[in-house]
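J.: If you scroll down you'll find the structure; I have some questions about it.
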Amino acid sequence: MDFEEVRQKVQSLLPAEQGFEVYPFRIGAYNASVTKEFYLSYDSGFTRTSCALDSEHNPIADFLNHRLKTVEDQLNGQSYEVFHDHSMWPNRRPKIVMCTCGHVAGAAYYYQPKTFASEIWPSAQEMAPNCKFIGLSLHPIYGGHFAFRFAILFKEIKVPNDFVEPKPQMITLTDEEAREALDLFNYHWMDSRFRDVGSPEKRYSKLQMNYFWDATS
């Protein structure tokens, strides 16, 4: 199968009606946006397909695994590798930076602390042990009510020479609002206020939010 055949097949197996969005992007575009320790050592013309859905834990994780198995069953002997949002190396470093994947693919803008840093921000608030101040992806429709779940690397698929990823759409925020969003995400993530930054058009239901709360409490 070529690039377009793979893209159409994956999109058909992970439809929007089931909560998915599928975005192809080049390895070269990803590597150009991360530091060296996160480089993917594949040809820069290989493509990944990035898929967005809701969250983790049993019922949702079971559903995600089921849908991914359906995709794998239909790949007809293609050479590929799956990276999950929780894929780690033995030293606990992520194998892939999902927020960067989503940004370079045009799925959701990745608000990084370095973009908004100043002499007095980020603040010196204490974080949980072994945690560091990190960036936040906000979707133009869902805000923070979504998650990147897995990326599929097709090792023998080349993107067309004229392929260019769309630019991610920014939510209109002032620098101060962006800093506040990052503070909410890093220091108060459990109350989920960061998800509503920018007044997203669509949100998780109250039932789903209660489920997430119960799963983390």
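J.: Based only on Cα atoms, what Rg/Rh ratio does the stretch 105-184 have, Rh being taken as Kirkwood's radius? Working shown, then result.
T.: Values: Rg = 16.1 Å, Rh = 15.2 Å.
Ratio of gyration radius to Kirkwood radius for the stretch 105-184: 1.06.
J.: Sticking with this structure for a sec: Given a cut-off of 14 Å, what percent of all Cα-Cα pairs of the stretch 165-217 lie beyond it? All intermediate terms of the calculation are to be shown ahead of the outcome.
T.: Values: 859 of 1378 pairs.
Above the 14 Å cut-off, the stretch 165-217 has 62 percent of its Cα pairs.
J.: Multiply the residue gap between N65 and M127 by 0.36 nm, knock off their C-alpha separation, and tell me the result in nm, one decimal place.
T.: 19.1 nm
J.: Tell me the Kirkwood hydrodynamic radius of the chain in angstroms, computed as one over the mean inverse distance between distinct C-alpha pairs.
T.: Values: mean 1/r = 0.0544 Å⁻¹.
Here the Kirkwood hydrodynamic radius works out to 18.4 Å.
J.: Could I have the simple spin-label model distance between K202 and A16, label points 7 Å from Cα toward Cβ, reported in nm to one decimal?
T.: With each label point 7 Å from Cα toward Cβ, the separation is 0.8 nm.
J.: May I pose another question? Loop only per DSSP, at most 10 neighbouring Cβ atoms within 10 Å: give me the trypsin sites (Lys or Arg not before Pro) in the stretch 73-166, ordered by residue number. The partial results should precede the final answer.
T.: Details: sites: R92, K95, K114, K132, R149, K155, K158; in loops: R92, K95, K132.
Those satisfying the criteria are R92, K132.
J.: Of K69/K158; K95/K167; K114/K206, which pairs sit farther than 29 Å apart, going by alpha carbon to alpha carbon?
T.: K114/K206
J.: I need the peptides 9-17, 206-214 ranked by packing, meaning the mean over residues of other C-beta atoms within 10 angstrom, with the highest value on top.
T.: Values: 9-17: 14.7, 206-214: 12.3.
So the peptides 9-17, 206-214, ranked by packing, come out 9-17, 206-214.
J.: Run down the aspartates and glutamates and flag those whose C-alpha is under 13 Å from the C-alpha of K132, throwing out any fewer than 8 positions away in its chain.
T.: D183
J.: Rounding to the nearest 10 and keeping the result within 0 to 90°, find how far the Cα-based axis of helix 3-13 lies from the longest principal axis of the chain.
T.: On a 0 to 90 degree scale, this one is about 60.
J.: Place the peptides 191-203, 174-186, 65-77 in order of packing, highest mean first, counting for every residue the other Cβ atoms within 10 Å and averaging per peptide.
T.: Details: 191-203: 15.8, 174-186: 17.8, 65-77: 12.7.
Top to bottom by mean Cβ count within 10 Å: 174-186, 191-203, 65-77.
J.: I need the calculated FRET efficiency for the pair V82 and Q169, taking r as the beta carbon distance and R₀ as 22 Å, to the nearest 0.05. Walk me through the intermediate numbers first.
T.: On the way: r = 27 Å, r/R0 = 1.23.
Computed FRET efficiency for V82 and Q169: 0.25.
J.: What 222 nm value per residue comes from the helices of the chain, counting each DSSP H run with n ≥ 4 as -39,500 (n - 2.57) and dividing by all residues, nearest 500 deg cm²/dmol?
T.: Details: 7 runs with 68 residues, N = 217.
The per-residue figure over the chain is -9000 deg cm²/dmol.
Throughout, read-outs are computed from the coordinates displayed, never taken from laboratory work. From a predicted model like this one, the values you see are computed outputs, not experimental measurements. Cβ atoms come from the backbone with ideal geometry, glycine included; neighbour counts cover every protein chain shown.
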